[in-house]
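Visitor: So that we are looking at the same thing, I have put the structure below in structure tokens.
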Amino acid sequence: MNSKMFHSGPAAIIVLMSLAAMSACQPVNNAPIAEFSDCESCPTMVVVSGGSFQMGSLEGEEGRSEGPIHNVTIDYRFAVGKYEVTYGQFAKFARETNHTPAKNCTIWAGHQWAVVEGTSWQNPGYGRTVTENEPVSCVSWHDAKAYISWLSAKTGKPYRLLSESEWEYVARAGTSTRFFWGDSADEICRHANVFDKSGGHASDLASGRQVSDLAYMPADCDDGYAFTAPVGSFGPNAFGLFDVTGNVWEWTEDCYTVPYPPDVADGRSYQAKGVCERRSIRGGGWITPPARQRPTFRGRDPADLVFSPFGFRVAQDLQ
């Protein structure tokens, strides 16, 4: 998991200049993956070149349109968190700021989703202690934004959330298949931490019984994790990013709207003119079935929702 990083200096400038010279009209395939970190406890960032792709799908559920399919061109480089923000990284933010993360998380309480008093990002309802290298969960969109503001102030760098189109672009990583590894979900447990045979609430696991009251069926495989997995436990996509599918859902900057607005096709986020009732969230999670792990699937939830499968990944603007 520990790759060689580069920091500001001549070597970093050479790498970034080389990436800038690459085409911004198509996803870059087989390009060297450039990484950096702005501080010891900061997320490892991967430099992503711009490109064009077909965003959306005809496979959307009722009320959750993934269309229309449309061309998006991102004509700039940006950096994306190699991993989802971890519990350890978020804990450092919480210690150094006056921000009080939301509490009383919605968790799977045996037979239904319920807000359980005393749960939080520190106790997301797994029935065990969360390790520092697992993705933080039970964080609202506002908590994610507060972490990013702190990270930006700490490093002097322009961190932010990904836009919804940027997120789909980096999740696809140059592919046009149903998942980033292909069209079939048969081997999804090899590629991501999803709702599978090992999924369930702690009380169910203790009795050897799988969750049976959810409205969907688990994947017919076992990824080895009942809840979140340490980041990087599964292989990366072609852009060198881990867990864009599964583990925890990832908040984006966008205000959710359907269908896609026709004038937002350049990587920008969509923002409502008035109150934003729901924010887009992407990527699926450990308790999400295979169909919702597709890069095109769109979650939409209130910004103040604190949900056990919800976390986030950071992005950074590059000069």
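Visitor: With runs of 4+ DSSP H residues as the only contributors, calculate the mean residue ellipticity of the chain at 222 nm using -39,500 (n - 2.57) per run, divided by the residue total and rounded to the nearest 500.
Guide: -4500 deg cm²/dmol
Visitor: If you stretched the chain out fully between Glu132 and Glu40, how much longer would it get, using 0.36 nm times the residue separation minus the C-alpha to C-alpha distance?
Guide: 31.7 nm
Visitor: Over the alpha carbons of the stretch 213-254, what is the largest minus smallest coordinate on each principal axis, giving the biggest first in Å?
Guide: Sorted from largest, the Cα extents of the stretch 213-254 read 35, 28, 17 Å.
Visitor: Would any residue of the stretch 245-284 have its amide N under 16 Å from a label point 7 Å out along Cα→Cβ of Ile69? List them or say none.
Guide: 260
Visitor: What GluC sites (Glu not before Pro) does the stretch 230-278 have in DSSP loop regions with at most 14 other beta carbons within 10 Å?
Guide: The qualifying sites are Glu277.
Visitor: Return a whole-number percent for the relative contact order of the stretch 205-319, with Cα pairs under 8 Å and 6 or more residues apart as the contact set.
Guide: It rounds to 28 percent for the stretch 205-319.
Visitor: Quick check on the chain: of the DSSP beta bridges with both residues there, what percent are antiparallel, nearest 5%?
Guide: The antiparallel fraction comes to roughly 90 percent.
Visitor: Count neighbours as other Cβ atoms within 10 Å of each site's Cβ, and list the trypsin sites (Lys or Arg not before Pro) in the stretch 244-319 that are DSSP loop with at most 10 such neighbours.
Guide: Passing sites in the stretch 244-319 are Lys273.
Visitor: Just from the alpha-carbon atoms, what are the Rg and Dmax of the stretch 227-299 in angstroms?
Guide: Looking at the stretch 227-299, its Cα Rg and Dmax stand at 14.0, 41 Å.
Visitor: Something else about it: With a Förster radius of 25 Å, plug the Cβ-Cβ distance of Thr177 and Gln112 into 1/(1 + (r/R0)^6) and report the FRET value to the nearest 0.05.
Guide: So, using R0 = 25 Å, E works out to roughly 0.10.
Visitor: All other residues with a Cβ under 14 Å from the Cβ of Arg278 taken together, and with Lys, Arg as +1 and Asp, Glu as -1, what is their net charge?
Guide: Net local charge, Arg278 excluded: -1.
Visitor: Quick one: net charge around Phe227, please, counting Lys, Arg +1 and Asp, Glu -1 for every other residue with C-beta under 9 Å from its C-beta.
Guide: 0
Visitor: In square nanometres and to one decimal, what's the mean projected area of the convex hull around the Cα atoms of the stretch 38-95?
Guide: 6.4 nm²
Visitor: Percent relative contact order of the chain, based on C-alpha pairs within less than 8 angstrom and at least six residues apart?
Guide: 23 percent
Visitor: Further question on the same structure: Between Asp266 and Arg300, how high is the FRET efficiency from 1/(1 + (r/R0)^6) when r is the Cβ-Cβ distance and R₀ = 22 Å? Nearest 0.05.
Guide: 0.50
Visitor: While we're on this one: Taking all pairs of distinct Cα atoms, average 1/r, flip it, and tell me the Kirkwood hydrodynamic radius of the chain in Å to one decimal place.
Guide: 19.8 Å
Laboratory data are not the source of any read-out in this text; all were calculated from the coordinates shown. Quantities reported herein were computed from a predicted structural model and do not represent experimental measurements. All Cβ positions, even for glycine, are placed from backbone atoms using ideal geometry, and neighbour counts span all protein chains on display.
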